[in-house]
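The values are calculated or read from the model by the stated rules, or taken from the named source; none is laboratory data. What you see is a predicted model, and the numbers here were worked out from it, not measured in a lab. Methodologically, a virtual Cβ is constructed for each residue, glycine included, from the backbone with ideal geometry; neighbour enumeration extends over all protein chains shown. Accessible surface is based on the protein model in full, side chains and every heavy atom, while ligands, DNA and RNA are left aside. Shrake-Rupley method; radii C 1.70, N 1.55, O 1.52, S 1.80 Å.
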Amino acid sequence: METSCLLVKPGRKRFKSLVVKTVFLILGRSFHAASKLDLDIKKEIETWDEGFKFMMKVFPESPSMIVEKRKGILVYRGSKGGSADLTIIFKSIESAFLVFTAQCGTCRAFAESRVIVSGDISKAMSLVRCLNILQRYLFPLFINRFILKRPPSMPWYKQFIRAYIYLLGVPFGL
Amino acid sequence: MLPSYYEFYNPVKIISGEKALDNLPYELNRLQVTRPLIITDKGVTDAGLVKTVIRAFAESGIILGGVYDDVPSDSSVTVVNDIAGVFRRNECDGLIAVGGGSPIDTAKAVNILVSEEGDNLFQFAGHDVLRRPLKPLVVIPTTAGTGSEVTYVAVIADPSRKVKMSFTSAYLYPRLAVLDPRMTLSIPPGITAATGMDALSHAMEAVTCLQKNPISDALAMASIDLIGKNLLKVVAHGRDEEARLAMSNAACLAGAAFSNSMVGLVHSLGHAAGGVAGVPHGVAMSIFLPYVFDYNMEKTAPDLARLLLPFGGPEEYANTPPAHRARRTIELIRALRQSLYDLCQLPRTLKEAEVSRDKLEAIARTAINDGSLTFNPVEVTYDDALLLLREAYD
Ligand SMILES: [Fe+2]
């Protein structure tokens, strides 16, 4: 008798994919908003070349987020667009989910090799500093204490930037 | 404590000990290499070490594809291209790096060009850019420090653009490391001390940095034990074969540990001080170690305390009350630096290393863009880095 052994098609993880996609959208839009207003982020991206593109993605290809520096600010370019100068890759959707639901800090994610960087490492360091500032806007302090080694300072006037990101940046992409 | 998740990888075969070198032809045969190219520098040739390597091939039937011994102390793109040309012309099929960090890094980069069949090294720069296994690379270290024989990193300077490109990929691991005590006997005391402190910094950062794991820990602790017992010995008595082999093993263990646990702030500052002010890597490690450990104390006290056992020995450990062990480890590092200063004037401060004070800002700026900072347990901003550099100045 012939043993039957068929091809197996693994299912999908629709919920986790959706969460990660949503977070990418939020991140992309808030990168744009924050790069217009936050002086620390502005100072970081001053050193990047015009047209510099970075991408965050989940292995193998999606979900993803592409952001480009144009006319001195960061512009969210959606999830399609092939290659970038710098790519941050989550090795699995589970790792991305852990990070995006603040169950695993970004620095721990790097330390556990859940995330890897492909490209110029010194640019990646600059990008991570921007990301830390951004997380400070997006999450309350008690979460930041958990996910960052030392959360960046948040003087009172930055609350206006936070309000802008929440009310205009994320919902309308302004 | 186990990390919630970790990865460990090291595919390098290690052969170590008396006449290890003489088994190289057999190992090359296993790797199906019939015409290896030797890459080394003038210092190694002048010390007669290349002759020793060539001697090992007598009666082996293997013909060497050439000896390139013009690698400068800072490996550069031009040299890499030059050697790749030799490799192709002589139809070589494997590489043997003999030397310290520079010939090893150069050989790794040559391997990228000849295996990927490219001529523009720049297109392979960065992390994880390589896509296929490279040709077999054998490393014979002639210093005990960098651990490059078991790491997957190469750093190559591009003088025309005044930058250092780094290449990291699992494919860059050598296939074989040969630790033969004959290869390190003639290193002068100053370099022995500096490279030994590099190895110590690898092992100690491996135990204290964020990507540590049980396997890297075990390797690092074994390395520190060997360094604690042998570093002063080899600096004082360079011809002590047993101590030399112990230090080569320590450097190798530390290399395997840190390429998995990664290193932290000691190295971020060290890379920057090297790039901006030309401080030799090992010297920089020796200078920064105690200052950085003071800085990291809040997060790493328990790990620093554990270091006291291999570093100071069981009696020292038992006689120090648990609450003082972390501090004691740092005191012993300072004492070791002092002994090395007495033996061979190894610099203890940036001033002694002839760094001018006006370079500190530039060093701090470079340090915070160094990838190793990601793995330091405590956050470091530009201001923090500058403060630390000022402390380490005089
Ligand atoms: Fe090092």
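Quick notes on this structure:
- All positions within the stretch B:186-204 that are at pLDDT 95 or above and of a type in the set (A, V, I, L, M, F, W, C): B:191, B:193, B:194, B:197, B:199, B:200, B:203, B:204
- Among residues of the stretch B:110-130 that are among the hydroxyl-bearing types (Ser, Thr, Tyr), those with a beta-carbon under 7 Å from a residue that is open to solvent by 10 Å² or more (accessible area, probe 1.4 Å) at least six positions away or on a different chain give the pairs B:115/B:134; B:115/B:135.
- Taking the listed residues B:207, B:178, the one that is within 16 Å of the ligand (Cβ to nearest atom), more than 21 Å from residue B:280 (Cα to Cα) and among the hydrophobic types (A, V, I, L, M, F, W, C) is B:207, with no other qualifying.
- Considering residues of the stretch A:94-115 that are surrounded by 19 or more Cβ atoms within 10 Å (Cβ to Cβ) and of a type in the set (Val, Ile, Thr) only, the residue farthest from residue A:145 (Cα to Cα): A:115
- Qualifying residue in the stretch B:142-151 (condition: touching a residue at least 12 places away in the same chain (Cβ under 8 Å), within 16 Å of the ligand (Cβ to nearest atom) and assigned to a strand (DSSP E or B)): no
- With respect to (1) within 16 Å of the ligand (Cβ to nearest atom); (2) small (Gly, Ala, Ser); (3) open to solvent by less than 20 Å² (accessible area, probe 1.4 Å), the lone exception for residue B:274 is condition (3).
- Residue in the stretch B:256-271 that is farthest from the other protein chains (Cβ to nearest Cβ), counting only those that are within 18 Å of residue A:121 (Cα to Cα) and more than 10 Å from the ligand (Cβ to nearest atom): B:269
- Flag for residue B:279 being touching a residue at least 24 places away in the same chain (Cβ under 8 Å), out of contact with any Pro (no Cβ under 6 Å at 6 or more places or on another chain) and more than 15 Å from the ligand (Cβ to nearest atom): no
To keep it simple, each residue is scored yes or no on (1) in contact (Cβ under 8 Å) with a residue 24 or more places away in the chain; (2) among the hydrophobic types (A, V, I, L, M, F, W, C); (3) more than 26 Å from residue A:151 (Cα to Cα).
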position: A:3; (1), (2), (3): no, no, yes
position: A:13; (1), (2), (3): yes, no, yes
position: A:26; (1), (2), (3): yes, yes, no
position: A:30; (1), (2), (3): yes, no, no
position: A:36; (1), (2), (3): yes, no, no
position: A:57; (1), (2), (3): yes, no, no
position: A:61; (1), (2), (3): no, no, yes
position: A:64; (1), (2), (3): yes, no, no
position: A:67; (1), (2), (3): yes, yes, no
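- So residue B:288, is it more than 16 Å from the ligand (Cβ to nearest atom) and either within 14 Å of chain A (Cβ to nearest Cβ) or part of a helix (DSSP H, G or I) (or both): no
- So residue B:248, is it within 14 Å of another protein chain (Cβ to nearest Cβ), away from the ligand (no atom under 14 Å from the Cβ), surrounded by 24 or more Cβ atoms within 10 Å (Cβ to Cβ) and in contact (Cβ under 8 Å) with a residue 60 or more places away in the chain: no
- Any hit, the stretch A:91-113, residues being within 14 Å of the chain's Cα centre (by Cα), of a type in the set (Phe, Trp, Tyr) and within 8 Å of another protein chain (Cβ to nearest Cβ): yes
- Residues that are more than 14 Å from chain A (Cβ to nearest Cβ) and open to solvent by 50 Å² or more (accessible area, probe 1.4 Å), drawn from the stretch B:126-170: B:132, B:133, B:135, B:159, B:160
- Restricting the stretch B:291-302 to residues that are open to solvent by less than 30 Å² (accessible area, probe 1.4 Å) and either outside any helix (DSSP H, G or I) or within 14 Å of chain A (Cβ to nearest Cβ) (or both), the residue that is nearest to the ligand (Cβ to nearest atom): B:296
- Tally of residues being assigned to a loop (DSSP other than H, G, I, E, B), surrounded by fewer than 23 Cβ atoms within 10 Å (Cβ to Cβ) and small (Gly, Ala, Ser) across the stretch B:58-104: 6
- Any helices (runs of 4 or more DSSP H) falling wholly within the stretch B:179-264 and containing at least 3 residues that are within 20 Å of residue B:345 (Cβ to Cβ): B:189-208, B:214-236
- Residues in the stretch B:364-394 that are open to solvent by less than 60 Å² (accessible area, probe 1.4 Å), hydrophobic (A, V, I, L, M, F, W, C) and away from chain A (no Cβ under 14 Å): B:386, B:388, B:389, B:392.
- Of the residues making up the stretch A:115-168, those that are assigned to a loop (DSSP other than H, G, I, E, B) and either within 14 Å of the chain's Cα centre (by Cα) or more than 14 Å from every other protein chain (Cβ to nearest Cβ) (or both) are A:139, A:140, A:154, A:155, A:156, A:157.
- Among the residues of this structure, residue B:331 counts as one that is away from every other protein chain (no Cβ under 14 Å), assigned to a helix (DSSP H, G or I) and open to solvent by 20 Å² or more (accessible area, probe 1.4 Å).
- Test: residue A:79 is away from every other protein chain (no Cβ under 14 Å), open to solvent by 40 Å² or more (accessible area, probe 1.4 Å), small (Gly, Ala, Ser) and under 13 Å from the mean Cα position of the chain (by Cα): yes
- Among the residues of the stretch B:167-183, just one is β-branched (Val, Ile, Thr) and modelled with pLDDT of 95 or more, namely B:178.
- Filter result for residue B:195 (closer than 26 Å to residue B:74 by Cβ, surrounded by fewer than 24 Cβ atoms within 10 Å (Cβ to Cβ) and within 16 Å of the ligand (Cβ to nearest atom)): no
- Residue match in the stretch B:107-129 (condition: in a loop (DSSP other than H, G, I, E, B) and closer than 30 Å to residue B:189 by Cα): no
- You will find that of B:17, B:65, B:85, the residue that is away from every other protein chain (no Cβ under 14 Å) and over 18 Å from residue B:139 (Cβ atoms) is B:85 and no other.
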